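Let me begin by presenting the structure, written as structure tokens, before commenting on it.
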Amino acid sequence: MQFETLLLILVAMTVASFVLGRQRAVAVAGRCGGIRALHSLPKYYGYYAAICCALPGLALLLLWLGLADRVVVERVVDSLPAELRELPEAQRSLLVNDIKNIAAGQFVDPGKREELAVAAELYLSLKDSSRRILSGLIVLLGFVGFGWSWLRLRPELRARNRVESVARIGLALASTLAIFTTIGIVASVLFEALRFFDRIPVSEFLFGLTWSPQTALRADQVGSSGAFGAVPLFAGTALISLIAMTVALPIGLMTAIYLSEYASRRVRAWVKPALEVLAGVPTVVYGYFAALTVAPLLRGFGQSLGLDVASESALGAGLVMGIMIIPFVSSLSDDVINAVPQAMRDGSLGLGATHSETIKRVVIPAALPGIVGGALLAVSRAIGETMIVVMAAGLAANLTVNPLEAVTTVTVQIVTLLVGDQEFDSAKTLAAFALGLVLFVVTLLLNIIALQVVRRYREQYE
Amino acid sequence: MNGAASQEQVLERVRASLGRRYRQERRFRLYGLASALLGLMFVGLIFGTIISNGYTAFWQTQVLIDVYFDPAVIDPGGGRDPLELARADYNRLARAALTELFPDVRARRDRRSLNRLLSSGAAYQLRDMVLAEPELIGKHRAVWVPADDEVDMVVKGYIDRSLPEKSRRVKDRQLAWIDRLADAGRLERHFNAAFFESGDSREPELAGIGGAALGSFYMLLVTLVLSFPLGVAAAVYLEEFAPRNRWVDLIEVNINNLAAVPSIVFGLLGLAVFINFLGMPRSAPVVGGLVLTLMTLPTIIIASRAALKSVPPSVREAALGVGASQMQMVLHHVVPLALPGMLTGTIIGMARALGESAPLLMIGMVAFIVELPGSPFEPATALPVQIYLWADSPERAFVERTSAAIIVLLAFLLLMNGAAIWLRKRFERRW
């Protein structure tokens, strides 16, 4: 049975249960004093029947979606001849892929063994029968569930309360998804990172000065583990983020000050959304802009000054990243500056200070914690930004503070290590997860600190 | 007497410093203005560069050739078998037609560089014509076929003719031929429909954003179907039902932190969980949609909660007062009132998801894919990823196409954000 047909049947059964349940409620009520004898509105009895019919089947379906393929693949692998079964994990998964491809009718290297074709057939038949069992079970569960609700349906059944509590559980489950996402992130990143640290000691990763994962390509090579000292990456990330913040912080802050303290309402109404356009531009566009326009510009400018600027210089990537962050800084600072009570400004102005003196000596110091918090959030943005640096920063890990040279960043390395076909177990791919762990932890810490600072600042003026 | 003197002195000092202070004030104000203008200038610069680089890609140079659909080439057997027809050498027809236009070109090398003026897509076009209309065989027909991307670049004026011949990809002889074609009225710019309809290609003149746009569409569809109901449900629970306890605090902290997790980390999650653990297909929009769902959920939840918060308590109390249960109160009264705000948040989340590319690189949506995806389970790329792929290509014509793809992407984003603003303006209510 097709998957779509199964879903359609399930939907049809659910709708039928609703209609029948509702009718039955009305009929039952008719026997003992009319519709007023019912505890809930008739439609709730319909919902009750529909839930009883569909929910067990849906739960089964989810379970099947998660597990069926694994079970089937396991059975297929068990059926393979012994010498294929005992292959190392990575090769076996390739084999399974081949079997699936044959089963899907795709072209596969004809030199492949006869056994694979047999296995593919087994795979198909197992899949087919598992799908058939699933369909039968779902339909059966639907009937059983509906029958159960049919028998239990009495006027005094508190149908609304039951339906509502099911709905409430559904809502609560939806809200826990955020926790599961976090757990998923931490688990996936941490698990692979730990496997990486089995091979490369943590201290070498965190404090090593050379990064050249590419040397790990040949397994028979002496010292084939490559070099996984991530300090050059951290330094490169820090350098580019620093350049970005040097661009974004003054421009963003001054823009916020100008717009909230000086600009007329009309100017503000036009300039603010225009600047926010910068925040909506996808980062891949910034990356393209950096690589196509800014980098050649910087190179030409450097040449005219007699400087040698690398075509993938940290400066280019940092500048463009700074442009990207400007609206972020300015809108956060804008909020904070507006939160400073007007009375403080009035007091300062009343004592004879000029507008700018008021801003510099009163408003900014008062808003400083909020601004610092916003800046921290911006830094975490810069550290985690990927596309700009992938397109405009270098690949080679140079340990340098010269912004005119090419440096690489943590995110660039994650992308280069994971894009393309790679076996999943090599130290190279696992290193990407270790870098991801560092990235996650650092941005998380920055965010927590920033949110704390901002919250404390808000409380101060509330 | 002493007081009066000191007052005088103070006034004197204040007056003396006044000019400096006013100058400082003006300078400070100027800095602010300059920063705001600088920001605006960046907006203009980015949009200006992209648009001026890209708008020409919406037109493509085509060449008018008189094709003789030679039966000896197309269908030597004469059986009109579609399979036979599809396999014929249509390049030969196009080449023959070109030779007819330039009878003076004889030498093999010259002929070859002459043939290079036509795109390899010309043969496909002739094939499709014959397959659609087999009666063409044996007839003459004037056909507009796409020119090679280098010709396109020359016509659009991107190639500097004054450069020495060696540093140009288009040689002097070819330039002369192009000029002859143009003088004969056989070179025209037509609307570049292929750019919107076809998938990726190594040939710039055949490459299009159709496949990538379709991939993005499937992905956004998955994201919307999952993230809107889930996000609204989570927001309703947290805002209306959740008890104040540790568990709920934990959920809230999680949502706020997830909103600030770098997008690439979500890509790592997708790679490890969806692809390696659950065995979902690589490069499929459905996986991309799932990853983007997890990424946009916090945005949608936060926006939806704000919308729910703005519904005044009096509405809730009135509903409860006439005997509605809490669920009825929320579903019948509060959620409908908060719906515009929730939709606005969702659209903004979708717009962000549309522009996102880093997590998609992780889950293998960076493949070179020519076919258009037929369903969310087939390999595809997305618009931003296509931009990333093209940005790496060395051909001059791809610069134009990358920019044009960016224009399309930005147009979509503008449309979505515009819709969000319109929705907010239209349904905003002050209580």
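The values are calculated or read from the model by the stated rules, or taken from the named source; none is laboratory data. Fair warning: this is a prediction, and the values are worked out from it, not measured in the lab. A quick note on method: Cβ atoms are made from the backbone with ideal geometry, for glycine too, and the neighbour counts reach across all protein chains shown.
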Looking at (1) within 11 Å of chain B (Cβ to nearest Cβ); (2) at pLDDT below 90; (3) farther than 14 Å from B:Val265 by Cβ, which is the only condition A:Leu418 fails?
(3)
For region B:228-252: of the residues being at the interface with chain A (Cβ under 7 Å from one of its Cβ atoms) and touching a residue at least 40 places away in the same chain (Cβ under 8 Å), which is farthest from B:Gly289 (Cα to Cα)?
B:Phe241
Take B:Val261 and tell me if it is touching a helix residue (DSSP H, G or I) at 6+ places or on another chain (Cβ under 9 Å) and either among the charged types (D, E, K, R) or facing chain A (nearest Cβ under 7 Å) (or both).
yes
May I ask you to list the residues in region B:1-55 that are in contact with a helix residue (DSSP H, G or I) (Cβ under 6 Å, 6 or more places away or on another chain) and at pLDDT below 90?
B:Asn53, B:Gly54
Scan region A:15-71 residue by residue and report those that are part of a helix (DSSP H, G or I) and either of a type in the set (D, E, K, R) or in contact with an Asp or Glu (Cβ under 8 Å, 6 or more places away or on another chain) (or both).
A:Arg22, A:Arg24, A:Arg31, A:Arg36, A:Lys43, A:Asp69, A:Arg70
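What is the residue count in region A:163-200 for residues that are within 7 Å of chain B (Cβ to nearest Cβ), among the aliphatic types (A, V, I, L, M) and under 12 Å from A:Phe433 (Cβ atoms)?
So the answer is 2.
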With under 19 Å from A:Glu156 (Cβ atoms), touching a helix residue (DSSP H, G or I) at 6+ places or on another chain (Cβ under 9 Å) and free of Cβ contacts under 8 Å to residues at least 60 places away in the same chain as the only criterion, which of A:Val71, A:Val19, A:Val118, A:Val26 stands out?
A:Val26
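Is at least one residue of region B:311-319 closer than 20 Å to A:Leu177 by Cα and in a helix (DSSP H, G or I)?
Step one: of region B:311-319, the residues closer than 20 Å to A:Leu177 by Cα are none.
No, because not a single residue in region B:311-319 is closer than 20 Å to A:Leu177 by Cα and in a helix (DSSP H, G or I).
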Which residue pairs have Cβ atoms closer than 7 Å, lie 6 or more positions apart in sequence or on different chains, and pair a first residue in region B:49-76 that is of a type in the set (Ser, Thr, Tyr) with a second residue that is not in a helix (DSSP H, G or I)?
B:Thr56/B:Lys156; B:Thr61/B:Ala147; B:Thr61/B:Leu187; B:Thr61/B:Arg189; B:Tyr68/B:His140
Is it the case that region A:394-401 has a residue that's more than 9 Å from chain B (Cβ to nearest Cβ), surrounded by 20 or more Cβ atoms within 10 Å (Cβ to Cβ) and either in contact (Cβ under 8 Å) with a residue 40 or more places away in the chain or of a type in the set (Asp, Glu) (or both)?
yes
Flagged pairs (Cβ under 6 angstrom, 6 or more apart or on separate chains; first in region A:278-300, surrounded by 23 or more Cβ atoms within 10 Å (Cβ to Cβ); second not in a helix (DSSP H, G or I)) are A:Val284/B:Ser357; A:Ala295/A:Ser311
Among the residues of region B:394-407, is any buried (at least 20 other Cβ atoms within 10 Å of the Cβ), at positive phi and at pLDDT below 90?
no
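Against the condition touching a Gly at 6+ places or on another chain (Cβ under 9 Å), under 16 Å from A:Val379 (Cβ atoms) and among the β-branched types (Val, Ile, Thr), how does A:Ile337 come out, does it pass?
On the way: touching a Gly at 6+ places or on another chain (Cβ under 9 Å): yes; under 16 Å from A:Val379 (Cβ atoms): no; among the β-branched types (Val, Ile, Thr): yes.
The answer is no for A:Ile337.
When the residues of region B:309-328 are filtered to those that are surrounded by fewer than 21 Cβ atoms within 10 Å (Cβ to Cβ) and of a type in the set (A, V, I, L, M), which remaining residue is farthest from B:Leu226 (Cα to Cα)?
First, the residues of region B:309-328 that are surrounded by fewer than 21 Cβ atoms within 10 Å (Cβ to Cβ): B:309-310, B:312-328.
From what is left, the residues that are of a type in the set (A, V, I, L, M) are B:315, B:318-320, B:322, B:324, B:327.
On the way: B:Val315: 29, B:Ala318: 32, B:Ala319: 30, B:Leu320: 31, B:Val322: 34, B:Ala324: 29, B:Met327: 22 Å.
Among those that are surrounded by fewer than 21 Cβ atoms within 10 Å (Cβ to Cβ) and of a type in the set (A, V, I, L, M), it is B:Val322.
Going by what's in this entry, would A:Thr408 be described as more than 9 Å from every other protein chain (Cβ to nearest Cβ), in contact with a strand residue (DSSP E or B) (Cβ under 9 Å, 6 or more places away or on another chain) and among the hydroxyl-bearing types (Ser, Thr, Tyr)?
On the way: more than 9 Å from every other protein chain (Cβ to nearest Cβ): yes; in contact with a strand residue (DSSP E or B) (Cβ under 9 Å, 6 or more places away or on another chain): yes; among the hydroxyl-bearing types (Ser, Thr, Tyr): yes.
Considered against the rule, which asks whether it is more than 9 Å from every other protein chain (Cβ to nearest Cβ), in contact with a strand residue (DSSP E or B) (Cβ under 9 Å, 6 or more places away or on another chain) and among the hydroxyl-bearing types (Ser, Thr, Tyr), A:Thr408 comes out as yes.
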Can you list the helices (runs of 4 or more DSSP H) lying wholly within region A:248-324 that have 3 or more residues being at the interface with chain B (Cβ under 9 Å from one of its Cβ atoms) and under 26 Å from B:Arg27 (Cα atoms)?
A:265-280
B:Leu361 passes all but one of the listed conditions (1) within 14 Å of chain A (Cβ to nearest Cβ); (2) under 23 Å from B:Ile421 (Cβ atoms); (3) hydrophobic (A, V, I, L, M, F, W, C); the exception is number (2)
Contacts under 8 angstrom Cβ, first residue in region B:26-47 being on the phi < 0 side of the Ramachandran plot, partner among the basic types (Lys, Arg) and modelled with pLDDT under 95, 6 or more apart:
B:Phe28/A:Lys360
Every residue in region B:255-303 that is surrounded by fewer than 24 Cβ atoms within 10 Å (Cβ to Cβ) and not in a helix (DSSP H, G or I), please.
B:Ala259, B:Ala260, B:Val261, B:Leu278, B:Gly279, B:Met280, B:Pro281, B:Arg282, B:Ser283
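Matching residues to (1) away from chain A (no Cβ under 14 Å); (2) part of a helix (DSSP H, G or I); (3) β-branched (Val, Ile, Thr):
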| position | (1), (2), (3) |
| --- | --- |
| B:Leu33 | no, yes, no |
| B:Phe42 | no, yes, no |
| B:Ile50 | no, yes, yes |
| B:Leu64 | yes, no, no |
| B:Ala94 | yes, yes, no |
| B:Ala97 | yes, yes, no |
| B:Val105 | yes, no, yes |
| B:Arg111 | yes, yes, no |
| B:Tyr124 | yes, yes, no |
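Take the residues in region A:144-161 that are assigned to a helix (DSSP H, G or I) and buried (at least 19 other Cβ atoms within 10 Å of the Cβ); name whichever of them is nearest to the other protein chains (Cβ to nearest Cβ).
Quick first cut of region A:144-161, residues assigned to a helix (DSSP H, G or I) only: A:144-152, A:159-161.
Subsequent filtering for residues that are buried (at least 19 other Cβ atoms within 10 Å of the Cβ) retains A:145-146, A:149, A:159-160.
Numbers: A:Gly145: 22, A:Phe146: 23, A:Ser149: 19, A:Ala159: 12, A:Arg160: 7 Å.
Among those that are assigned to a helix (DSSP H, G or I) and buried (at least 19 other Cβ atoms within 10 Å of the Cβ), it is A:Arg160.
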Every residue from region B:229-254 that is of a type in the set (Phe, Trp, Tyr) and crowded, with 22+ Cβ neighbours inside 10 Å
B:Tyr237
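Among the residues in region B:226-249, are any within 19 Å of the chain's Cα centre (by Cα), farther than 30 Å from B:Ala147 by Cα and outside any helix (DSSP H, G or I)? Steps first, answer last, please.
Filtering region B:226-249 for residues within 19 Å of the chain's Cα centre (by Cα) gives none.
Among the residues of region B:226-249, not one is within 19 Å of the chain's Cα centre (by Cα), farther than 30 Å from B:Ala147 by Cα and outside any helix (DSSP H, G or I), which makes the answer no.
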Find the helices (runs of 4 or more DSSP H) located wholly in region A:358-462 whose residues include 2 or more that are over 29 Å from B:Met362 (Cα atoms) and assigned by TED's automatic domain parsing to the domain that holds A:Tyr258, and list them.
A:364-384, A:427-460
Tell me, which residue of region A:334-357 that is in contact (Cβ under 8 Å) with a residue 40 or more places away in the chain and in a helix (DSSP H, G or I) is nearest to the other protein chains (Cβ to nearest Cβ)?
A:His355
Scanning region B:196-217 for residues that are surrounded by fewer than 23 Cβ atoms within 10 Å (Cβ to Cβ) and of a type outside the set (Gly, Ala, Ser) gives B:Phe196, B:Glu197, B:Asp200, B:Arg202, B:Glu203, B:Leu206, B:Leu214, B:Phe217
Please indicate, with yes or no, whether at least one residue in region B:64-77 is closer than 24 Å to B:Asn115 by Cβ, surrounded by 12 or more Cβ atoms within 10 Å (Cβ to Cβ) and aromatic (Phe, Trp, Tyr).
yes
